[in-house]
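I have placed the structure first, in the form of structure tokens, so that the comments after it can refer back to it.
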Amino acid sequence: MTLRQAVVLGVGALVALLAGLSFGATGGPVALLEGLRGSDPAARTILVELRLPRVLLAFAVGGGLGLSGAALQALVRNPLADPYLLGLSGGAGLGAVLAIAFAGDVAWGVPAASFVGALGAIALVYRLSVVAGRRLDPRVLLLSGVVVGAFAAAIMSAIITLSPATQLRNAFLWLLGGFGASSWQALGVFAAYAVVPMALLGAAARRLDLLSLGEEPAQFLGADVERTKRLVYLTASLLTAAGVAVSGIIGFVGLVVPHAMRRLVGPLHTSLLPAVFLGSGSFLVLADVVARAAIPPVELPVGVVTALVGVPLFAVLLRRSLR
Amino acid sequence: MILEARDLTVRYPGASGPALDAVSVSVPRGALVVLGGPNGSGKTTLMRGLLGLVSPTGGWTAVEGRPTPEWPRDELARCVGVVSQREELWVPLTVEEVVLMGRYPRLGALTPVSRRDREVVAGALARCDVADLAGRAAETLSGGEWQRVRIARALAQEPRCLVLDEPGSALDVRHEMEVMELVRALVDEGLGCLLITHHLNLAARYADRMALLDRGRLAAGGPPSEVMRAEVIGAVFRWPVAVGPGPDGVPQFTPLRPGDPGPPA
């Protein structure tokens, strides 16, 4: 990553965060200034208690999804890998739907249940993919992920179909993701949890480079491939699971941003991972701004926005790369 | 000994016979050892065994006297540089980025790449005659260029030993000769080298020792003058050959056609 690229990404992240603080269902940049000056207590409350944790959480979750996607793509040597491909969304969704159907009023019930569901899916997929003793086969990993995800999705659909309309709507909205329930508490829990997986993935950057050469060449260049694969799968999945717990299933960030960043800073992970973190964080903050401000007072699910914005962006990137 | 296998036996699960049957081979410092034999005779399995990628069912292997399983992979990569048979990229890397990965076993997880690392990379690129390709996308290289880039990456590891698995199979005459001259020069500077090849005539002219595998067993071993004999080559490859001295006196073989004058099959 050149200095110029780092500055562009850093400034981009700042602009995204400021935009996130400025725009919303109520007021614009003027309200932000008033909130900062403290002349209007209501504006200050909105800024400090609602928008600030929301914006920071969106940035952290986005960064986590991006890192997870980039690392998993390197692990399975496939650009189509995405943080949810490995059965995670199915497990998390099933957990959340169960909680909405049977324990709708319990505080933290849905996040906790979705997290547990995701952990269950991770464990199951991992168990299925460890072949011949201790070897983790990336191709089997992809297949197990799809299978476990499909199974969980089937149960989830059955429960949703049998649920009353309000619960159905709640479950549906949750599955599309959003930061409406953000709080300093949620941010604190997520940050405390995510810092270790993020650090572990960052420290694995060079081993991820080596994996891109193939497993045997990677070993000849000093990577303990089996350990690296297990570490990357588990940390990336656990990171995504935490994101799902606080904000639902937000697609597309972990797929699109790593691609865009590979074009910008190249495929070496020592540059790619920091760029992906900044890029994904900024992208999700901006998507959340659009979700809040597009048709007030209705708030769109942020997953809808990431796809609506991300798909055309991705199409343009693809066309450019083909030329 | 820099690489050593003693009575190495490897049996793959589900296979009827062992892939390697009590094979002993050693590569001393400052020597070029050539390993040959028919397809499927166990050459690559022996290499994988020496490098700790398959666990032996019998016998043992050691690197610099220390049992191979005790070597952490990064430490082994600082000692032995390997150019394996196949390697495919899934992301677009430049030649310089590929060769820089040869420095990874010497870099910590977060240590920045130093000036010396860049110098070693530049030196390795120059020695393999690919310095002018440094900025090229690796996926646009010809087979021969890619092979030389991978040899440069092995040199960037600053190894004490090189293991090359059929490095010349994609190279034209000039580039294969250049690779062989380079390997010989490195060996003369003190490196140990294990070279797996089907081009035995060429390899014999550079080798200190040769070993031929046949169906998992060591069929012949010794200096080229002992191994490059018509009855040895003919028996191992199960095809009649005639042997005569090459321009430098090293025996060279020619496979015979049915009806050619020469010893019967």
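Would you mind finding the one in B:V27, B:V34, B:V80, B:V54 that is more than 22 Å from B:F237 (Cα to Cα), out of contact with any Gly (no Cβ under 8 Å at 6 or more places or on another chain) and modelled with pLDDT of 95 or more? Being more than 22 Å from B:F237 (Cα to Cα), out of contact with any Gly (no Cβ under 8 Å at 6 or more places or on another chain) and modelled with pLDDT of 95 or more holds for just one of B:V27, B:V34, B:V80, B:V54, which is B:V80. Step by step: first the residues of the stretch B:34-61, then only those that are at negative phi and of a type in the set (G, A, S), then the one that is farthest from the other protein chains (Cβ to nearest Cβ). Which residue is that? Top of the filtered list is B:G36. Residues in the stretch A:125-139 that are assigned to a helix (DSSP H, G or I) and surrounded by fewer than 16 Cβ atoms within 10 Å (Cβ to Cβ) were compared, and the one that is modelled with the lowest pLDDT is A:R139. Take residues that are over 20 Å from A:G214 (Cα atoms) and tell me which of the helices (runs of 4 or more DSSP H) falling wholly in the stretch B:72-145 contain 1 or more. Of the helices (runs of 4 or more DSSP H) lying wholly inside the stretch B:72-145, those with at least 1 residues that are over 20 Å from A:G214 (Cα atoms) span B:73-79, B:115-127. Take B:V33 and tell me if it is touching a residue at least 24 places away in the same chain (Cβ under 8 Å) and more than 22 Å from A:E215 (Cα to Cα). In short, yes.
The criterion of at least 3 residues that are buried (at least 16 other Cβ atoms within 10 Å of the Cβ) and small (G, A, S) is met, among strands (runs of 3 or more DSSP E) falling completely within the stretch B:195-265, by B:217-222. Residues being more than 14 Å from chain B (Cβ to nearest Cβ) and either crowded, with 23+ Cβ neighbours inside 10 Å or not in a helix (DSSP H, G or I) (or both) are represented in the stretch A:196-207 by at least one member.
Among all residue pairs at least 6 apart or on different chains, which show Cβ distances below 7 Å where the first residue, located in the stretch A:74-85, is in contact (Cβ under 8 Å) with a residue 12 or more places away in the chain and surrounded by 22 or more Cβ atoms within 10 Å (Cβ to Cβ) and the second is assigned to a loop (DSSP other than H, G, I, E, B) and not hydrophobic (A, V, I, L, M, F, W, C)? Sorted first by the residue in the stretch A:74-85, then by its partner, the pairs are A:A74/A:S212; A:Y84/A:G251. A:T228 falls short on exactly one of the conditions (1) closer than 30 Å to A:V302 by Cβ; (2) within 14 Å of chain B (Cβ to nearest Cβ); (3) of a type in the set (S, T, Y), and that condition is (1).
With respect to the numbered conditions (1) closer than 30 Å to A:P297 by Cβ; (2) at the interface with chain B (Cβ under 10 Å from one of its Cβ atoms), which one is the sole condition not fulfilled by A:A186? For A:A186, the exception is condition (2).
Applying the set (1) within 21 Å of the chain's Cα centre (by Cα); (2) modelled with pLDDT under 90; (3) surrounded by fewer than 20 Cβ atoms within 10 Å (Cβ to Cβ) to A:S271 leaves exactly one unmet item: (2).
For A:A245, the criteria (1) closer than 20 Å to A:R54 by Cβ; (2) within 13 Å of another protein chain (Cβ to nearest Cβ); (3) aliphatic (A, V, I, L, M) hold in every case but one, which is (2). Under the condition of being surrounded by fewer than 20 Cβ atoms within 10 Å (Cβ to Cβ) and more than 14 Å from every other protein chain (Cβ to nearest Cβ), the residues counted in the stretch B:146-172 number 5.
Of the numbered criteria (1) surrounded by 15 or more Cβ atoms within 10 Å (Cβ to Cβ); (2) away from chain A (no Cβ under 14 Å); (3) in a strand (DSSP E or B), the one B:D7 fails is (1). Please determine, by comparing only the residues of the stretch A:80-124 that are assigned to a loop (DSSP other than H, G, I, E, B) and not hydrophobic (A, V, I, L, M, F, W, C), which one is farthest from A:F314 (Cα to Cα). Going through the qualifying residues, I end up with A:D105.
Pairs are defined by a Cβ separation below 7 Å, a sequence spacing of at least 6 or placement on different chains, a first member in the stretch B:71-82 that is at the interface with chain A (Cβ under 7 Å from one of its Cβ atoms) and of a type in the set (G, A, S), and a second member that is crowded, with 17+ Cβ neighbours inside 10 Å and not in a strand (DSSP E or B); the pairs so defined are B:A77/A:F220; B:A77/A:L221; B:A77/A:G222; B:A77/B:P105; B:A77/B:Q157.
Looking at the structure I just gave you, is B:L93 touching a strand residue (DSSP E or B) at 6+ places or on another chain (Cβ under 8 Å) and either within 14 Å of another protein chain (Cβ to nearest Cβ) or under 23 Å from A:L273 (Cβ atoms) (or both)? For B:L93, the condition - touching a strand residue (DSSP E or B) at 6+ places or on another chain (Cβ under 8 Å) and either within 14 Å of another protein chain (Cβ to nearest Cβ) or under 23 Å from A:L273 (Cβ atoms) (or both) - is met.
The one condition from (1) more than 12 Å from chain A (Cβ to nearest Cβ); (2) surrounded by 21 or more Cβ atoms within 10 Å (Cβ to Cβ) that B:E64 does not meet is (2). There is no residue in the stretch B:128-141 that is at the interface with chain A (Cβ under 9 Å from one of its Cβ atoms), of a type outside the set (S, T, Y) and in contact (Cβ under 8 Å) with a residue 24 or more places away in the chain. Inspection of the stretch A:252-275 identifies at least one residue that is more than 14 Å from every other protein chain (Cβ to nearest Cβ) and not in a helix (DSSP H, G or I).
The values are calculated or read from the model by the stated rules, or taken from the named source; none is laboratory data. Predicted model only: the values in this text are computed from it and were never measured. FYI the Cβ positions are ideal-geometry reconstructions off the backbone, even for glycines, and counts take in every protein chain you see.
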